Amino acid sequence: MAKLNTNSNAYTIIYASVLVIIVAFLLAFVASALKPTQAANEALDKKKQILASLNLRELPDVEVTYAEVIKEEMPDGTMKAVVDGEEKLVVPMKGAGLWGGLWGYISVNKDGKTVFGSYYNHESETAGLGARIAEQWFQDEFKGKTIYDAEGNAILGVYKKGKAPASLSADSYVDAVTGATLTSNGVNDMIQKCFTANKAAIDAFANK
């Protein structure tokens, strides 16, 4: 029987190919096994984000609180909620920042005119700058802000300090994150598109 030549090119290619196949199989198996857990974690994180937009954070049991607070999930993606006996409408948002996607949720009071709470996050904004939109201090700035003007136009926005339109009062905008103009602009655009697109749903909620 001929001795296997472990120094040949053929041996190296076959050995490497078999190793790649084995590793690929193991990775696929592990990914498949972890998929249900990953999906469950993603669903839980989404519920945390929604609850954060309702000013409910650091909860001992997210699932229980979500079931108690979220009363109805609408076909358009909005959600009806009750917090401390008061009805709120949660509206999802998507947009684009400096380096990637932005998303979030913003909750509206029963008057259909003011913000109750908000939550924002990002894919890859700059740490210490644009990434700060995910921090609670920035999100809290939106509480109580006015969403629409007298004609029903979405006016709530994010502007560089001292650069807000003169026509807006202080209760209709928040200051941009310092040093993160493009990310802040992305949040501004995302909010205004969200409230423009969901005006009918918010009006229906307020008038119910």
Could you size up the charge dipole of the range 18-162 around its Cα centre, putting +1 on the beta carbon of Lys and Arg and -1 on that of Asp and Glu, and report it in debye to the nearest 20? 320
For the range 55-166, what does the alpha-carbon gyration tensor say about shape, rounded, prolate or oblate, given a ≥ b ≥ c as the root eigenvalues, a/c under 1.5 as rounded, and a/b over b/c as prolate? oblate
Order of exposure, largest accessible area first, which applies to 103, 137 with probe 1.4 Å: 137, 103
Cut-off 9 Å between beta-carbons: net charge of the residues surrounding residue 154, Lys and Arg +1, Asp and Glu -1: +1
Selected from 163, 94, 145 as most flexible by GNM, with the chain as the system and alpha-carbon contacts under 10 Å: 163
Could you please state, rounded to a whole Å, how far the C-alpha centre of the range 131-176 is from the C-alpha centre of the range 19-85? 29
Solvent accessible area, Å² - residue 64, 1.4 Å probe, full protein context: 70
What residue among 164, 139, 7 has its Cα farthest toward the positive end of the dipole of the chain, where the charges are +1 on Lys, Arg and -1 on Asp, Glu, each on the Cβ? 7
How high is the relative contact order of the chain? Use alpha-carbon pairs under 8 Å, at least six apart in sequence, and give a whole percent. 15
With the crude spin-label approximation of a point 7 Å out along Cα→Cβ, what separation in nm comes out for residue 19 versus residue 45? 3.3
Gaussian network model of the chain, Cα within-10 Å springs - most flexible of 62, 187, 174: 62
Of 101, 90, 126, which is farthest along the charge dipole of the range 80-146 in the positive direction, counting Lys and Arg as +1 and Asp and Glu as -1 at C-beta? 90
Within the accessible area of the chain, what % is carbon and sulfur when the probe is 1.4 Å and the other protein chains stay in place? 57
Please work out the average accessible area per residue across the chain, using the 1.4 Å probe convention, and give it in Å². 59
How far apart, in nm, are two points set 7 Å out from the Cα along the Cα-to-Cβ line at residue 168 and at residue 32? 5.2
For the chain, the convex hull over Cα atoms projects on average to an area in nm² of 18.1
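The values are calculated or read from the model by the stated rules, or taken from the named source; none is laboratory data. Computed from a prediction, not measured in an experiment: that's the story for all the values here. Cβ: placed from backbone, ideal geometry, glycine included. Neighbour counts: every protein chain shown. For the accessible areas, the whole protein counts, side chains as well, though only heavy atoms, and no ligand, DNA or RNA atoms are used. Shrake-Rupley method; radii C 1.70, N 1.55, O 1.52, S 1.80 Å.
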